[in-house]
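Worksheet for the structure shown next.
The values are calculated or read from the model by the stated rules, or taken from the named source; none is laboratory data. Keep in mind it's a predicted model, so treat the numbers as computed, not measured. Positions of Cβ are generated from backbone atoms using ideal geometry, with glycine treated the same way; all protein chains shown enter the neighbour counts. Note: accessible area is taken over every heavy atom of the protein model, side chains too, but ligands, DNA and RNA are not part of it. Shrake-Rupley method; radii C 1.70, N 1.55, O 1.52, S 1.80 Å.
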Amino acid sequence: MTTRGVLAAVIVSVCGLAASAQTLPNGVAAGDTTQNSSVLWTRSTVLGPVNFEVSTTPDFSTIIGSFQRTVTDATLPVKVDVANLTPGTQYYYRATDAANSSSQGRFRTNAASGRNGFRMGVSGDWRGELAPYPAVKNVPGRNLDLWVGLGDTIYADVASPDVPVPQATTLPEFRAKHNEVYGSRYGANTLRDLRQSTSILVNIDDHEVTNDFAGGAHPSSDPRFAGQPGNYINETTLYGTGLQAFHEYNPIRSETYGPLADPRMSGKTKLYRERSFGQDAAVFSLDARSFRDQGLPAANPLDPGSVANYIVTSMTATNRTMLGTQQVSDVKAGLLSAQQAGTTWKFVMVPEPIQNLGVLGASDRFEGYAAERNDLLRYIDTNNIENVVFVAADIHGTLVNNLSYQNVPFGPQISTGAFEITTGSVAYDAPFGPTVVDIATQLGVLTPQQQAFYQSLPLAQREGFIQNLINAQITPLGYDPLGLQGSDIQATLLQGQYTATSTFGWTEFDVDPVTQELLVTTWGILPYTQAQLDADPAAILARDPFIVSQFRVTPVPAPGAGLLLAMGGVLAARRRR
């Protein structure tokens, strides 16, 4: 067994001990980790003290820190921000509550320098009625450096077993939604196990509050917020309650923006994060929901005039924002700094896709904010920022494409050398493929016979059907067809295809410490419905994730890469791989 395999076995064993901690139903978690700090988290159903202990050994023979917090409300988790840690170091921690229940986890601080290799997992979109999520049960054994929860970590606007109302509005309801997804069901708790196995980084999309809201718009623009106090939706009671519960149930620091010229962002909650992992990778996590302008009126995808007008409006409205001016400035500066520092891979986490997928549903994606999209991609291009990977969720399926931009509507596409991959949902019924086919049939783009043909196809052939369907929408607009073939990105498809649209799952990004090649693996299981889960939970929980798509990308050499790659070979010998 490899060193990584041995450690993975230890991790699973350590995390498994939490199953007996009845008064710590959500286990423990560590997140918002830096080179020398991490936020530790737990929730106890017993009032009284909770003691956190941190160790460099899995048996806790050496305790390097002990911290106490007090539970005053059984629905309110407790956190501790641990500092003065050593970069690139494996830590173990445990929480013990007033009932003497104990739960354990582990995390690794971010490397400060060198090329040590980097492994990250990403997914989003998990609904409460589909817990306990067998699609991610293999994550603890993958020995990740980081797990990114990329939005829709609850569905506050969908009824579920623990909160059977169409929209959570009160703090107890929002808290119950989070407890539901991180709690046990049918004897399993995969998200608890996942959160205990690595450091996590989380952000919101829309369903942490309500569907497709625009945080930078006036409350009167949306009937769900109309009449609530505040000049912007991100100042309303509903938004504030949803964000409070999100912060409470995740190991994340509470940060706010200082005084800014943009009143939508000034003094508001800051979820934007930059994290570096030596010279292997930099990760940028963006809040694409809290500061955005109201979405454009939808285009009619069957009317060429409506489509053209939508594209022109989106590309020329330079005063509209999805991210907020400060966040755009921050990510630009961070990307440039990472390039200048010789960091090979730059991962930009955006809850909604930045690749062009056509006008259907575009108002909630970057296509509906095309002027800002083009500005960001143009910055990457003109500053020669290499090896940029955008990672998105939201659409419940995996689509991969290279990224280009335009300077004028319907002008030539300009390559950036960057690409995007969207991740499938951990559990959202139905996945992207069947959903898109249903919509296309309703619009008359497909006939019922074509829909039936799609449904009759095996998994692999369904992907070809979906690719043809999507490409038929985007190539007439001048966008490249799905996939990295034919682009200027040096990619090799190893398994499956550049789409995975008929499964639940997650995506793994693995940077080799010596070659710096990026291996992108999408894991999946066959999807299931709530009725199937409730009828035979054992059968659903027995589904094991398998590789549905995998490709390798060779990076463009970063400044000083030759010397650093040589150093990486030495450093890699010390690493757990």
Lone qualifier among ARG378, ARG365, ARG292 - being out of contact with any Leu (no Cβ under 9 Å at 6 or more places or on another chain) and modelled with pLDDT of 95 or more
ARG378
Tell me yes or no: at least one residue of region 255-271 is among the polar types (S, T, N, Q), surrounded by fewer than 22 Cβ atoms within 10 Å (Cβ to Cβ) and in contact with a Lys or Arg (Cβ under 8 Å, 6 or more places away or on another chain).
yes
Among the candidates ALA112, ALA74, single out the residue that is open to solvent by 40 Å² or more (accessible area, probe 1.4 Å) and assigned to a loop (DSSP other than H, G, I, E, B).
ALA112
In this structure, is ALA95 open to solvent by 50 Å² or more (accessible area, probe 1.4 Å), modelled with pLDDT of 95 or more and either touching a Pro at 6+ places or on another chain (Cβ under 6 Å) or part of a strand (DSSP E or B) (or both)?
no
Residues in region 334-388 that are in a loop (DSSP other than H, G, I, E, B) and touching a Gly at 6+ places or on another chain (Cβ under 7 Å) total 3
Tally, over region 67-112, of residues that are among the hydroxyl-bearing types (Ser, Thr, Tyr) and under 28 Å from PRO513 (Cα atoms):
6
Of the residues in region 222-240 that are open to solvent by less than 20 Å² (accessible area, probe 1.4 Å) and of a type in the set (Val, Ile, Thr), the one that is nearest to ASP73 (Cα to Cα) is THR236
Near pairs, Cβ below 6 angstrom, 6+ apart or cross-chain, from region 309-321 (within 13 Å of PRO297 (Cα to Cα)) to any residue that is open to solvent by less than 50 Å² (accessible area, probe 1.4 Å) and assigned to a helix (DSSP H, G or I)
SER314/GLY368; SER314/ALA370
Sole miss for ILE204 among (1) open to solvent by less than 10 Å² (accessible area, probe 1.4 Å); (2) under 30 Å from THR515 (Cβ atoms); (3) out of contact with any Pro (no Cβ under 6 Å at 6 or more places or on another chain) is condition (2)
Quick one: which residue in THR475, THR529 is free of Cβ contacts under 8 Å to residues at least 24 places away in the same chain and of a type in the set (Ser, Thr, Tyr)?
THR475
